[in-house]
Amino acid sequence: MTANVTANETANEPADRARTAPQGAEPSTEELVAAIHRDGIVARKGAFSTEWADRLREDIEAAFEEARSRPDGAVGRGPNRYYVEIHPEQMRGFVDLVDHPWVRQVCTGVLGEDYEIVELGFDVPFAGAVNQPWHRDFPAPEETRRDRRLTSLAFNLTAVDTEEDMGPFEVAPGTQFDDGSEFKHEMFPDKSLYGRYEGLAVRKYPQRGDISARSALTIHRGTKNFSQKPRPVLVLGVDAPGAGNAEHHDMAVTKQYWEELPERVKAHLRCPVVDELTPITQKHTIEGLVMGEA
């Protein structure tokens, strides 16, 4: 497999050129952690420039074309909706993303100093994508049920400016601590509960350069794409030590790329270092999403 860019081009790209200058006072770590525990989601507007986001879209498009050219390279998450996992070298701005001060601040505050980067991929709803069923990404771990401790985060970055007809992401704030033991597969609430989630629902309209962080346990769904435009969204998965989500993913880096990474990034990147990258066959299939909402 050939990465889109070389290790030098990625690791040495000056991060400060990719970021939009901060506007006003930044929230404290305590405020960000409190927001995630209250709402299950928090966001940072203008974390990156629109030019940076446009390069992200180019890399997603190239990775999607490659993944669709081989069996099981892209997994369905509903009609006309796909998920693809990629290696860090397939994204020119990977270091910019994982070393962004806001990302580090949120990860450290919620997951602790030894947080682990375990997943990189993207979700693309195309024209004709339908409402997904309300769901969380995996069953709630015991630490969350017992202690209300969050052990994972999903960061999302849109590669396009989101519009109403493009099937915006919809989230039900505050549902990350719902027990979920009675959900189907402990992930899909019964339709009798949909009224509650629809009453809580907030649609998100991120623009290029924005970033959000949420608990993967917060009940959410992608909505119907009425437009003819795809809405690609990058996903970065981060765990607390011992959370175990890395076993669902096959992210790797080459030796050359690893050697060029900043030590601060290496400290959190838990993946094999290999001579040559192997195309990823997606493991994390969510079967309940394949048909969309009935």
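The values are calculated or read from the model by the stated rules, or taken from the named source; none is laboratory data. On a predicted model such as this, the values are computed, not experimentally measured, just so you know. Neighbour counts run over all protein chains shown; Cβ positions are idealised from the backbone, glycine included.
Structure above, values below:
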item: Residue among Thr10, Thr2 that is surrounded by 19 or more Cβ atoms within 10 Å (Cβ to Cβ) and modelled with pLDDT under 50; result: Thr10
item: Considering residues of the stretch 247-294 that are of a type in the set (D, E, K, R), assigned to a loop (DSSP other than H, G, I, E, B) and surrounded by 13 or more Cβ atoms within 10 Å (Cβ to Cβ) only, the residue modelled with the lowest pLDDT; result: Glu293
item: Long-range neighbours under 9 Å by Cβ, at least six apart or interchain, first residue of a type in the set (D, E, K, R) within the stretch 252-280, second assigned to a helix (DSSP H, G or I) and exposed (fewer than 14 other Cβ atoms within 10 Å of the Cβ); result: Glu260/Asn8; Asp275/Lys255
item: Leading residue by the ranking (surrounded by the fewest Cβ atoms within 10 Å (Cβ to Cβ)) among those in the stretch 190-222 that are among the polar types (S, T, N, Q) and over 19 Å from Asp179 (Cβ atoms); result: Gln207
item: Top-ranked residue in the stretch 40-74 [being closer than 30 Å to Thr29 by Cα and without any contact (Cβ under 8 Å) to a residue 40 or more places away in the chain; ranked as surrounded by the most Cβ atoms within 10 Å (Cβ to Cβ)]; result: Arg55
item: Test: residue in the stretch 212-223 that is touching a residue at least 40 places away in the same chain (Cβ under 8 Å), out of contact with any Asp or Glu (no Cβ under 7 Å at 6 or more places or on another chain), more than 25 Å from Ala172 (Cβ to Cβ) and among the polar types (S, T, N, Q); result: no
item: Output for the stretch 107-150, where each listed residue is among the polar types (S, T, N, Q), in contact with a strand residue (DSSP E or B) (Cβ under 7 Å, 6 or more places away or on another chain) and surrounded by fewer than 24 Cβ atoms within 10 Å (Cβ to Cβ); result: Asn131
item: Members of the stretch 157-209 found to be free of Cβ contacts under 8 Å to residues at least 60 places away in the same chain, over 24 Å from Leu120 (Cα atoms) and assigned to a strand (DSSP E or B), listed by number; result: Val202
item: Odd one out for Arg221 among (1) within 19 Å of the chain's Cα centre (by Cα); (2) part of a loop (DSSP other than H, G, I, E, B); (3) at pLDDT 95 or above; result: (2)
